[in-house]
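Colleague: Handing you this structure, nothing more for now.
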Amino acid sequence: MIIRFQPGTTAADVQAVRERLESEGVRTILSPESARPIFAAVDKVPPTLQAEIESNERVESTVTPKGAWRLAARSFREAPSVADIGGVRLGAGEVSIIAGPCSVDHLMEEAAIQVRRGGAHILRGGAYKPRTSPYSFQGFGKEGLRKLKDAGEKVGLPVVSEIMDAAHVGPFVEHDIDCLQVGARNMQNFTLLKAIAQVGKPVLLKRGLAATVDEWLYSAEYLLAGGCQGVVLCERGIRTFETATRNTLDLTILPLLREITHLPVVVDPAHAAGIASLITPLSRASVAVGADGIAVEVHPDPSQARSDADQALLEGELVQIVAEARVMAAVTGRRLHAQPRIPDKA
Ligand code: PEP
Ligand code: MN
């Protein structure tokens, strides 16, 4: 249950209600919301106690979210929440583009230059790769993180990379990776979620291959409960009976997520389609349906890409996606995020 107070309610009045619940064994968590006090009762509240709380004149309303997730619930915040990825604010009413190679490789710097010129805002690149086959390229690991960060600094873009193992937190922190990506295959790796929640960096949480929205939001809840400040959901296609495309892009849930969670949402049409020519129209549709951002894969020479070559875009295609995102953002009452400034030393 979420307890929402009248704006201006004193901390002491809020504390008294929390203590009442805690005295009955119900744990509570305060929202970081500044517009009004809001807190979540994590455990089930008995009906008589709920009635007692609702009769408190300082309590404006109580909301019981559909799922048992609390901190991810829309009612836990007054306004949608914002994740700050190295200065790029996702969820603040602007549309941002994440782009870069699937895997960091020897063309990382060239890719970064193209991503910057193409108009994107955040640079991606995988250093630890979750591959279906153990014989496929597994990523350059720590060295890949260094190449990614160097390339990002060179072109003035924050960077995001996938973390697969809690044991790798050290290298991610050491290389100051601006956002940690949890891949689809690890969405329910709860040990990993708990470990990275405490790192102090935003997390791009991809939807699991066959995860329901409820399961996905529970995973977001793990991050929020662990103290993560900037959780971003990423729809990347789900496994269905359809084999014509790699996965099925579930845009149906975008407007639904708006109603049930305050978290920003990015759409990755690349891993959904798996076919480069489909990604531009799907990006357009994603912004039209309300995505806060788009994540795509760009490679200077897809024939040399170490993974996901079939869905790698060229610079010109990224330019087109950014141009269309600008138009679709305007259509939906938003605008395209301004690119970060290029640092003087670059
Ligand atoms: C990726 O972003 O390169 C990736 C492996 O994505 P996903 O976890 O969505 O498959
Ligand atoms: Mn990929």
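Here, each number is a calculation from the coordinates, and none is a lab measurement. Small disclaimer: the values here were computed from a predicted structure and weren't measured. Neighbour counts run over all protein chains shown; Cβ positions are idealised from the backbone, glycine included.
Colleague: Which residue, of Arg246, Arg185, Arg239, is in contact (Cβ under 8 Å) with a residue 60 or more places away in the chain, within 14 Å of ligand 1 (Cβ to nearest atom) and surrounded by fewer than 21 Cβ atoms within 10 Å (Cβ to Cβ)?
Modeller: On the way: Arg185 fails: in contact (Cβ under 8 Å) with a residue 60 or more places away in the chain; Arg239 fails: in contact (Cβ under 8 Å) with a residue 60 or more places away in the chain.
Exactly one of Arg246, Arg185, Arg239 is in contact (Cβ under 8 Å) with a residue 60 or more places away in the chain, within 14 Å of ligand 1 (Cβ to nearest atom) and surrounded by fewer than 21 Cβ atoms within 10 Å (Cβ to Cβ), namely Arg246.
Colleague: Here's something else I'd like to know. If I go through the range 310-326 residue by residue, how many of them are surrounded by fewer than 20 Cβ atoms within 10 Å (Cβ to Cβ) and either within 12 Å of ligand 1 (Cβ to nearest atom) or outside any helix (DSSP H, G or I) (or both)?
Modeller: Of the residues in that region, 1 qualify.
Colleague: Please indicate, with yes or no, whether at least one residue in the range 274-296 is within 15 Å of Leu204 (Cβ to Cβ), within 16 Å of ligand 1 (Cβ to nearest atom), in contact with a strand residue (DSSP E or B) (Cβ under 8 Å, 6 or more places away or on another chain) and not small (Gly, Ala, Ser).
Modeller: Within the range 274-296, one or more residues are within 15 Å of Leu204 (Cβ to Cβ), within 16 Å of ligand 1 (Cβ to nearest atom), in contact with a strand residue (DSSP E or B) (Cβ under 8 Å, 6 or more places away or on another chain) and not small (Gly, Ala, Ser).
Colleague: Across the range 94-109, which residue is surrounded by the fewest Cβ atoms within 10 Å (Cβ to Cβ) among those that are farther than 14 Å from Ala312 by Cα and out of contact with any strand residue (DSSP E or B) (no Cβ under 8 Å at 6 or more places or on another chain)?
Modeller: Start the filter on the range 94-109 by keeping residues that are farther than 14 Å from Ala312 by Cα, which leaves 94-97, 106, 109.
Okay, now just the ones that are also out of contact with any strand residue (DSSP E or B) (no Cβ under 8 Å at 6 or more places or on another chain), so 106, 109.
On the way: His106: 10, Glu109: 15.
Here the residue is His106.
Colleague: Further question on the same structure: When you look at Val26, is it surrounded by 13 or more Cβ atoms within 10 Å (Cβ to Cβ) and within 14 Å of Ser75 (Cβ to Cβ), yes or no?
Modeller: On the way: surrounded by 13 or more Cβ atoms within 10 Å (Cβ to Cβ): yes; within 14 Å of Ser75 (Cβ to Cβ): no.
Against the criterion (surrounded by 13 or more Cβ atoms within 10 Å (Cβ to Cβ) and within 14 Å of Ser75 (Cβ to Cβ)), Val26 does not qualify.
Colleague: Does Glu297 satisfy being in contact (Cβ under 8 Å) with a residue 60 or more places away in the chain and within 16 Å of ligand 2 (Cβ to nearest atom)?
Modeller: Against the criterion (in contact (Cβ under 8 Å) with a residue 60 or more places away in the chain and within 16 Å of ligand 2 (Cβ to nearest atom)), Glu297 qualifies.
Colleague: Looking at Gln181 and the list (1) in contact with a strand residue (DSSP E or B) (Cβ under 6 Å, 6 or more places away or on another chain); (2) in a helix (DSSP H, G or I); (3) within 16 Å of ligand 2 (Cβ to nearest atom), which single condition is not satisfied?
Modeller: With respect to (1) in contact with a strand residue (DSSP E or B) (Cβ under 6 Å, 6 or more places away or on another chain); (2) in a helix (DSSP H, G or I); (3) within 16 Å of ligand 2 (Cβ to nearest atom), Gln181 is out only on (2).
Colleague: So which pairs qualify, if the first residue must be in the range 308-324 and more than 18 Å from Ser96 (Cβ to Cβ), the second must be within 13 Å of ligand 1 (Cβ to nearest atom) and part of a helix (DSSP H, G or I), the Cβ gap must be under 6 Å, and the two must be at least 6 apart or on different chains?
Modeller: What qualifies is Gln311/Ala270.
Colleague: Name the residues in the range 129-163 that are within 15 Å of Gly100 (Cβ to Cβ) and part of a loop (DSSP other than H, G, I, E, B), would you?
Modeller: Lys129, Gly139, Phe140, Gly156, Leu157, Pro158
Colleague: Also, quick follow-up: Which one of these does Leu254 not meet: (1) closer than 17 Å to Pro269 by Cα; (2) more than 15 Å from the chain's Cα centre (by Cα); (3) more than 16 Å from ligand 2 (Cβ to nearest atom)?
Modeller: Here Leu254 meets the rest and fails (2).
Colleague: What's the number of the only condition in (1) touching a residue at least 60 places away in the same chain (Cβ under 8 Å); (2) within 16 Å of ligand 2 (Cβ to nearest atom) that Asp214 fails to meet?
Modeller: (2)
Colleague: Is it the case that the range 100-112 has a residue that's of a type outside the set (Asp, Glu), within 16 Å of ligand 1 (Cβ to nearest atom), under 18 Å from the mean Cα position of the chain (by Cα) and assigned to a strand (DSSP E or B)?
Modeller: Yes, because at least one residue in the range 100-112 is of a type outside the set (Asp, Glu), within 16 Å of ligand 1 (Cβ to nearest atom), under 18 Å from the mean Cα position of the chain (by Cα) and assigned to a strand (DSSP E or B).
Colleague: Identify the residue in the range 76-121 that is touching a residue at least 60 places away in the same chain (Cβ under 8 Å) and among the β-branched types (Val, Ile, Thr) and, among all such residues, is farthest from ligand 2 (Cβ to nearest atom).
Modeller: Val82
Residues checked against (1) within 13 Å of ligand 1 (Cβ to nearest atom); (2) among the charged types (D, E, K, R); (3) surrounded by fewer than 18 Cβ atoms within 10 Å (Cβ to Cβ); (4) in contact (Cβ under 8 Å) with a residue 60 or more places away in the chain:
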position	(1), (2), (3), (4)
Arg124	yes, yes, no, yes
Lys142	no, yes, yes, no
Leu145	no, no, no, no
Val160	yes, no, no, yes
His168	no, no, no, no
Ile177	no, no, no, no
Leu193	no, no, no, no
Gly200	no, no, yes, no
Arg207	yes, yes, no, no
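Colleague: Here is a list of conditions, (1) within 16 Å of ligand 1 (Cβ to nearest atom); (2) on the phi < 0 side of the Ramachandran plot, and Ala329 meets all of them except one; can you say which number that is?
Modeller: Only one criterion is unmet by Ala329, namely (1).
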